[in-house]
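S.K.: Pasting in a structure now, in structure tokens, and then I'll have a few things to ask.
Quick note: the coordinates plus some simple rules give every number you see, no bench work behind them. Remember, it's a predicted structure, so these values are computed and weren't measured experimentally. Positions of Cβ are backbone-derived with ideal geometry, glycine not excepted, and every protein chain shown enters the neighbour counts.
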4 protein chains.
Amino acid sequence: MKKEIEALFHECIMNANEEELAVIKQLLDGVKRKQSKESGSYIGGIFGMSRKMENDVLEVTMPITPVIYNSLHIVHGGVTATLIDSAMGTLANMMLPEGYGAVTTNLSIHYVAPGTGGFLSGKAQIIHKGTKTIVIDGKVHSDDGKLVAHCTGSFFIFKRS
Amino acid sequence: MKKEIEALFHECIMNANEEELAVIKQLLDGVKRKQSKESGSYIGGIFGMSRKMENDVLEVTMPITPVIYNSLHIVHGGVTATLIDSAMGTLANMMLPEGYGAVTTNLSIHYVAPGTGGFLSGKAQIIHKGTKTIVIDGKVHSDDGKLVAHCTGSFFIFKRS
Amino acid sequence: MKKEIEALFHECIMNANEEELAVIKQLLDGVKRKQSKESGSYIGGIFGMSRKMENDVLEVTMPITPVIYNSLHIVHGGVTATLIDSAMGTLANMMLPEGYGAVTTNLSIHYVAPGTGGFLSGKAQIIHKGTKTIVIDGKVHSDDGKLVAHCTGSFFIFKRS
Amino acid sequence: MKKEIEALFHECIMNANEEELAVIKQLLDGVKRKQSKESGSYIGGIFGMSRKMENDVLEVTMPITPVIYNSLHIVHGGVTATLIDSAMGTLANMMLPEGYGAVTTNLSIHYVAPGTGGFLSGKAQIIHKGTKTIVIDGKVHSDDGKLVAHCTGSFFIFKRS
């Protein structure tokens, strides 16, 4: 398989323009981050997500690059959803005692402005923590502080087997 | 930049296990599809999306591979959202005369089962087409026909400048 | 208390115009329907809801009268929500074995046209029935068959104590 | 028509129990509030809604009585939706210059606890005000300060003709 991948790689970079080279670099960097366990998933790696917790707010940031554009050359609404679902899901799971997990049951997103600038920031904050469900508020901002999307999510708490 | 990317590529594949090699292959295949304009976006390419229209239903399919797993090793909810938003957005834009476009203003997703099996299929169907907005129903199924997620989306119609 | 209510009643109808008289009649009819157990709730009574089940679709209808107008003299969005939540909730509870109940956990409504004409019809249909949750599709139409609102709802199943 | 209504009224109160008398009183009080223009709609009147604006937050309160119960004797989810849609819609319309109005296009509600106690309070706050749409955050609390429901709504701005 390695031979085949090497051939594919050389085919890709041979005639690649600047944008394509930057995209290939971002994707490989993402794989490397997953290999080194710096990132918990390939998605997190290739989208360049990084996260931090501060004052009960879980923030995930992501650089805006051609990797996450849709065919209209603006950030794909699904990627914005991925960013905020990652922030909310991480926060939900952090709220739970060992042996429990939380999965998204509902996500409702209002898109209010296109994502522009250098990066997107998704911030998640608990609205309600019950015994069966957690409801979380999520906001995505661009780097100039403008609101890009507002989201609420429901998470179902389950006992890990 | 090419030298740097080549070094990174070799670092990635040197100690890569089977899964990691398959992931690198999928990502590079995706870049190639975008380069050859087979895919309109990198997202569409690296997630391996393909689409068809039949009886007013726009279907987008996507293979289930480690590329789209979250850190719990199930399909990332944001990727499911990306799949169905792609299907709905494509359909919305197909409904419009030349010179007009549609962007997502609201997405509401109910997740009902984990995505398992070989691939996910997202089907979009018009519920309402007005002069200002389009409302679309979206359903995501796994390859055994089980419902994975149900979604409704609102799209705002704008005049392209 | 009866004396006080009688005085209030006479004050209301004394200078009432046609619309106000019709409203008072509808409200009292609703109370009577609840008293006679024809309606299970005052809400169902005063809004004049009636329901039927056909081919797995639960339909609730409601006459359009000034009782359900908002201050702009169109049907209050909250009443449309009440209509479809009633249809969906009734259907959810009908799906369950004795000793179990279902409550709404999430409701997402897209309003696409104002409610006009003689009555509104809300139709609910099961999308997914799991062991913990039920997801239902709801559509509200006016009497000329035009779609007024589209809704999805999640219901949580609980064991009645 | 008055004769008929009087007969209906007497039929209703003749054998009415305490609860039914209180309901009839609340409904007639509501009609009176609408007649005197204290309330802008019958819905606002019969549900006993009152509102105030403070620090950019529009609050609508509503007493919890049998009038708003569903058939399970808890507050009807649709009435909670009516409360918060009223608060959000009022706020949306207050944000606009003369000659413009706003209508709800999307409402997404997460119900997190049953409404109990003496009254419900719905608070609406602007999240985003654009030239075409307004997005509003809404929270419903019971009188002990517990969150009952969390909501986001989209409103479309139109020019009144």
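S.K.: Give me the distance in nm between label points sitting 7 Å out from Cα along the Cα-to-Cβ direction at C:Ala22 and A:His73, one decimal.
M.R.: 5.7 nm
S.K.: Still on this model: Name the residue from B:Leu72, B:Gly89, B:Ala16 whose Cα lies farthest towards the positive end of the charge dipole of chain B, charges +1 on Cβ of Lys and Arg and -1 on Cβ of Asp and Glu.
M.R.: Checked the options; the winner is B:Gly89.
S.K.: Counting other Cβ atoms within 10 Å, which trypsin sites (Lys or Arg not before Pro) in segment B:84-161 have at most 15 and lie in a DSSP loop? The partial results should precede the final answer.
M.R.: On the way: sites: B:Lys123, B:Lys129, B:Lys132, B:Lys139, B:Lys146, B:Lys159, B:Arg160; in loops: B:Lys132, B:Lys146, B:Arg160.
Answer in residue order: B:Lys132, B:Lys146, B:Arg160.
S.K.: Only Cα pairs within less than 10 Å get springs; with that Gaussian network setup on chain A, which residue of A:Ala92, A:Ala16, A:Ala81 has the largest fluctuation?
M.R.: Greatest mean-square fluctuation among the candidates belongs to A:Ala16.
S.K.: Based on the alpha-carbon set only, what is the convex hull volume of the protein assembly as shown divided per residue, in Å³? Mind showing how you got there, number by number?
M.R.: Values: hull volume 111.4 nm³, N = 644.
Once divided by residue count, the hull of the protein assembly as shown is 173 Å³.
S.K.: Take the alpha carbon atoms of segment C:68-121, find their radius of gyration, then divide it by 2.2 N^0.38 Å using N residues; give the quotient.
M.R.: Working: Rg = 13.9 Å, N = 54, 2.2 N^0.38 = 10.0 Å.
Taking the Cα Rg and dividing by 2.2 N^0.38 Å, one obtains 1.39.
S.K.: Step through the residues of segment A:115-126 one at a time and calculate ³J(HN,Hα) from phi using the Karplus curve (6.51 cos²θ - 1.76 cosθ + 1.60, θ = phi - 60°), rounding each to whole Hz and writing x for Gly and Pro.
M.R.: x, 9, x, x, 7, 10, 10, x, 10, 10, 9, 5
S.K.: Could I ask something else about it? How much FRET efficiency would the formula 1/(1 + (r/R0)^6) give for D:Gln125 and A:Glu4, where r is the Cβ-Cβ distance and R0 is 51 Å, rounded to 0.05? Don't skip to the end; give the middle numbers.
M.R.: Values: r = 56 Å, r/R0 = 1.10.
That pair, D:Gln125 with A:Glu4, gives E of 0.35.
S.K.: Can you figure out the FRET efficiency of B:Ser36 with B:Glu11, using R₀ = 25 Å and their beta-carbon distance, to the nearest 0.05? Each step should come with its number before you reach the end.
M.R.: Numbers: r = 27 Å, r/R0 = 1.07.
For R0 = 25 Å, the calculated efficiency reads 0.40.
S.K.: Please turn the phi angles of segment D:135-143 into ³J(HN,Hα) values with the Karplus equation 6.51 cos²θ - 1.76 cosθ + 1.60 (θ = phi - 60°), one per residue in order, whole Hz, x for glycine and proline.
M.R.: 10, 10, 9, x, 10, 10, 10, 8, 6
S.K.: If you don't mind, another one. Once you have a ≥ b ≥ c as the square roots of the Cα gyration tensor eigenvalues for chain A, tell me rounded if a/c is under 1.5, and otherwise prolate or oblate according to whether a/b is larger than b/c.
M.R.: Numbers: a/c = 2.57, a/b = 1.53, b/c = 1.68.
Taking the square roots of the gyration eigenvalues as a ≥ b ≥ c, chain A is oblate.
S.K.: Another question, then. Output ³J(HN,Hα) for segment A:30-37: one whole-Hz value per residue in order, computed from phi by the Karplus curve 6.51 cos²θ - 1.76 cosθ + 1.60 with θ = phi - 60°, and x for Gly and Pro.
M.R.: Once rounded to whole Hz, the list reads x, 4, 4, 4, 6, 4, 7, 6.
S.K.: How big is the Kirkwood radius of segment A:98-160, worked out from every pair of different alpha carbons and given in Å to one decimal? All intermediate terms of the calculation are to be shown ahead of the outcome.
M.R.: On the way: mean 1/r = 0.0782 Å⁻¹.
Across segment A:98-160, the inverse of the average 1/r is 12.8 Å.
S.K.: Please report, largest first and rounded to whole Å, the three semi-axes of the ellipsoid equivalent to segment B:1-91, where each semi-axis is the square root of five times an eigenvalue of the C-alpha gyration tensor.
M.R.: Details: eigenvalues 154, 57, 19 Å².
One finds semi-axes of 28, 17, 10 Å for segment B:1-91.
S.K.: Which distance in Å, rounded to a whole number, links the C-alpha centroids of segment B:13-46 and segment D:93-161?
M.R.: Between the Cα centre of segment B:13-46 and that of segment D:93-161, the gap is 44 Å.
S.K.: Please give the net charge around A:Thr90, taking every other residue with its beta carbon less than 12 angstrom from that of A:Thr90, where Lys and Arg add +1 and Asp and Glu add -1.
M.R.: Around A:Thr90, the surrounding residues sum to +1.
S.K.: Which FRET efficiency value, to the nearest 0.05, do you get for C:Tyr100 and D:Met53 by plugging their Cβ-Cβ distance into 1/(1 + (r/R0)^6) with R0 = 45 Å? Intermediate values should be presented prior to the final figure.
M.R.: Details: r = 43 Å, r/R0 = 0.96.
Here the calculated transfer efficiency is 0.55.
S.K.: Given Cβ point charges of +1 (Lys, Arg) and -1 (Asp, Glu) and nothing else, what value in debye, to the nearest 20, does the dipole of segment C:47-159 about its Cα centre take? Spell out each step's value before the answer.
M.R.: On the way: 8 positive and 8 negative charges, 46 e Å.
The dipole of segment C:47-159 has a size of about 220 debye.
S.K.: When only C-alpha pairs under 8 Å and at least 6 residues apart count, what is the relative contact order of segment A:47-159, in percent? Can you show the working numbers first?
M.R.: Working: 257 pairs, mean separation 31.8, N = 113.
Relative contact order comes out at 28 percent.
S.K.: Helix-only estimate, please: 222 nm mean residue ellipticity of chain D, summing -39500 (n - 2.57) across DSSP H runs of length 4 or more and dividing by its residues, to the nearest 500. Intermediate values should be presented prior to the final figure.
M.R.: Numbers: 4 runs with 54 residues, N = 161.
My calculation for chain D gives -10500 deg cm²/dmol from helical runs alone.
S.K.: Taking the Cα centre of the protein assembly as shown as origin, work out the dipole magnitude from +1 charges on Lys and Arg Cβ and -1 charges on Asp and Glu Cβ, in debye rounded to 20. Show your work: numbers first, answer last.
M.R.: Numbers: 64 positive and 64 negative charges, 1 e Å.
Around 0 debye, computed over the protein assembly as shown.
S.K.: Could I ask something else about it? Holding the Cα-Cα limit at 22 Å, pick out from A:Lys25/B:Lys3; B:Lys25/B:Lys123; C:Lys123/D:Lys123; C:Lys25/D:Lys34 the pairs that are longer than that.
M.R.: Working: A:Lys25/B:Lys3 11 Å; B:Lys25/B:Lys123 27 Å; C:Lys123/D:Lys123 30 Å; C:Lys25/D:Lys34 15 Å.
From the list (A:Lys25/B:Lys3; B:Lys25/B:Lys123; C:Lys123/D:Lys123; C:Lys25/D:Lys34), the Cα-Cα distance tops 22 Å for B:Lys25/B:Lys123; C:Lys123/D:Lys123.
S.K.: I've got another one for you. What residues have an amide H closer than 5 Å to that of D:Thr65, excluding those fewer than 5 places away on the same chain, when H is modeled at 1.01 Å from N in the peptide plane?
M.R.: Excluding prolines and chain starts, which carry no amide H, there are no hits.
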